[in-house]
1. Restricting to region 328-347, name every residue that is assigned to a helix (DSSP H, G or I) and farther than 9 Å from Tyr281 by Cβ.
2. For region 107-150, what are the residues that are of a type in the set (Lys, Arg), within 17 Å of Ile197 (Cα to Cα) and in contact with a helix residue (DSSP H, G or I) (Cβ under 8 Å, 6 or more places away or on another chain)?
3. May I ask you to list pairs of residues, at least six apart or on different chains, whose Cβ atoms are under 6 Å apart, with the first in region 118-132 being assigned to a loop (DSSP other than H, G, I, E, B) and the second being surrounded by 21 or more Cβ atoms within 10 Å (Cβ to Cβ)?
4. Has region 338-361 got at least one residue that is of a type in the set (Ser, Thr, Tyr) and under 27 Å from Gly103 (Cα atoms)?
5. Have a look at Leu242, Leu164 and point out the one that is in the same structural domain as Gly38 (by TED's automatic domain parsing) and either modelled with pLDDT of 95 or more or assigned to a loop (DSSP other than H, G, I, E, B) (or both).
6. Could you figure out which of (1) surrounded by fewer than 20 Cβ atoms within 10 Å (Cβ to Cβ); (2) in contact (Cβ under 8 Å) with a residue 24 or more places away in the chain; (3) over 19 Å from Tyr209 (Cα atoms) isn't true of Met26?
7. For region 143-152, give me each residue that is surrounded by 15 or more Cβ atoms within 10 Å (Cβ to Cβ) and either part of a loop (DSSP other than H, G, I, E, B) or among the small types (Gly, Ala, Ser) (or both).
8. Answer yes if at least one residue in region 180-194 is in contact with a Leu (Cβ under 8 Å, 6 or more places away or on another chain) and surrounded by fewer than 17 Cβ atoms within 10 Å (Cβ to Cβ), and no otherwise.
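The values are calculated or read from the model by the stated rules, or taken from the named source; none is laboratory data. What you see is a predicted model, and the numbers here were worked out from it, not measured in a lab. When we count neighbours, we look across all protein chains shown, and the Cβ atoms used for this are built from the backbone with ideal geometry, even at glycine.
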Amino acid sequence: MSNLHSKHIAVIGAGIVGLCVAERLMAEGHRVTLIEPGVPGGEQAASYGNGAFISPASVIPMSAPGLWRQVPKMLLDPTGALSVRLRDLPRLLPWLLAFLRAGNRPGKVARIAHDLNVLLKDAPARHADLAARSGQTALIRQSGLLYAFRDRAAWQAERRSWDLRADCGVVMEQCDAARLRDLAPDLAPEYGFGILISEGAHCADPGGYVAGLARHLVAAGAALRQDRVLGLDLAAGRLRGLRCEGGDLSCYRVVIAAGIASAPFAREAGDRLPLAAERGYHVEIADAPVRLDVPVMPQDGKMANVTTRGGLRAAGQVEIAAPDAPPNWARADVLLAHLERSYPALRGRAHDLRRWMGCRPSMPDGRPVIGRASGCADVIYAFGHGHIGLASAPATAEIVADLIAGRMPRREALPFSPARFGAPRGPT
């Protein structure tokens with residue numbers, strides 16, 4: 001390999017996290033090469049098909065006290081809101097047990113929520129700034145986010161999680177039926193209560209936003225290499241570069257932001273991290289006679305409803321399965337059926353419909369991994385963001401830039417350290 005360039009940093013992965021990291025590093029004077037086997041913002045990426053919410057309220061982890069009682073249903077109902085592919089259970093069992101332990105006490109859930117708040121509290125403002133810098137102001141819309149309930153009693157049943165959000169500083173407004181109709185006039189009358197997160201935002205085209213950010217970075221001098229990384233080139237605990245299908249690349253540091261593909265690189269750098277594919281689905285109706293100026297999450301379905309440039313999208317579902325398992329499109333049908341129940345104008349119509357499935361890279365405790373590898377300080381992790389990849393990407397980039405610069409991170413980074421999993425020291 002050629003001599004190292006002291007400012008050259010490689011970022012493996014050109015999803016929203018990798019691109020935000022690259023943008024921050026370039027602003028600090030580093031030369032950056034992004035390496036991505038696919039097209040940034042393409043349908044293969046989790047960034048493409050998410051629910052588009054940029055919500056300070058997304059601090060509550062999936063794992064919760066008593067969730068273990070639902071395990072039989074997770075295994076037996078393949079279309080439930082949270083399910084586990086039975087054929088993959090032996091492989092996924094360690095992750096699933098860690099997931100159940102992560103939220104088995106209210107105190108643990110509260111700690112995770114406050115940790116995630118470090119990444120999410122200013123996410124809408126940070127994306128508005130990023131969109132302005134990259135010439136995509138129209139794609140980040142700060143019109144608030146609406147969480148809709150059948151009635152106040154349904155909200156009270158979830159009161160603990162909403163009180164925890166308030167404790168994290170999330171600003172929210174309670175909405176009666178009249179206010180709900182004002183914000184979402186097409187919503188079914190069965191919904192009679194809501195919570196408005198007025199500081200929430202959404203992205204009108206997540207895939208397009210990622211693609212546009214990649215174009216902006218290339219125009220600013222980043223190298224975007226469409227290639228597949230085969231492994232890290234390490235010697236005596238230091239990074240020399242990357243081994244790639246298209247030829248080796250020398251670099252001074254590497255940031256691993258490859259989503260679900262990150263775990264093998266982490267193993268090379270000394271860390272066996274419990275990363276799993278938490279697969280999500282969406283349906284998008286191109287010709288929907290419904291427009292949501294304020295995105296809605298009906299809480300009886302726990303799915304994001306948002307008007308994107310492609311149409312009315314419903315995104316959600318959690319399927320713990322092997323990344324390469326075939327899609328279960330019945331889960332997309334569940335999303336469509338819930339859309340039709342939630343918006344009467346959709347009922348009895350043929351739809352110009354698109355379906356999508358993607359793999360959220362998820363850690364069992366709901367927190368991403370952001371920090372140095374245990375076996376090589378030149379390797380930085382930025383993956384495992386689960387449901388909050390879009391919203392938390394700018395804050396993740398800030399932590400990564402601080403670590404690379406040798407600064408004390410301006411945001412509390414310890415909860416995201418790979419060391420929390422008791423990772424072995426040294427390459428394996």
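1. Ala330, Asp333, Leu336, Ala337, His338, Leu339, Glu340, Arg341, Ser342, Pro344, Ala345, Leu346
2. Taking region 107-150 and keeping what is of a type in the set (Lys, Arg), we get 108, 111, 121, 126, 133, 141, 150.
Narrowing the set further to residues that are within 17 Å of Ile197 (Cα to Cα) leaves 121, 126, 141.
Answer for region 107-150, where residues must be of a type in the set (Lys, Arg), within 17 Å of Ile197 (Cα to Cα) and in contact with a helix residue (DSSP H, G or I) (Cβ under 8 Å, 6 or more places away or on another chain): just Arg126.
3. Listed by first residue and then by second, the contacts come to Lys121/Pro56.
4. no
5. Being in the same structural domain as Gly38 (by TED's automatic domain parsing) and either modelled with pLDDT of 95 or more or assigned to a loop (DSSP other than H, G, I, E, B) (or both) holds for just one of Leu242, Leu164, which is Leu242.
6. (3)
7. Result: Gly144, Ala148, Arg150.
8. The initial filter retains those residues of region 180-194 that are in contact with a Leu (Cβ under 8 Å, 6 or more places away or on another chain), namely 180-181, 183-184, 186-187, 191-194.
Narrowing the set further to residues that are surrounded by fewer than 17 Cβ atoms within 10 Å (Cβ to Cβ) leaves 181.
Within region 180-194, one or more residues are in contact with a Leu (Cβ under 8 Å, 6 or more places away or on another chain) and surrounded by fewer than 17 Cβ atoms within 10 Å (Cβ to Cβ).
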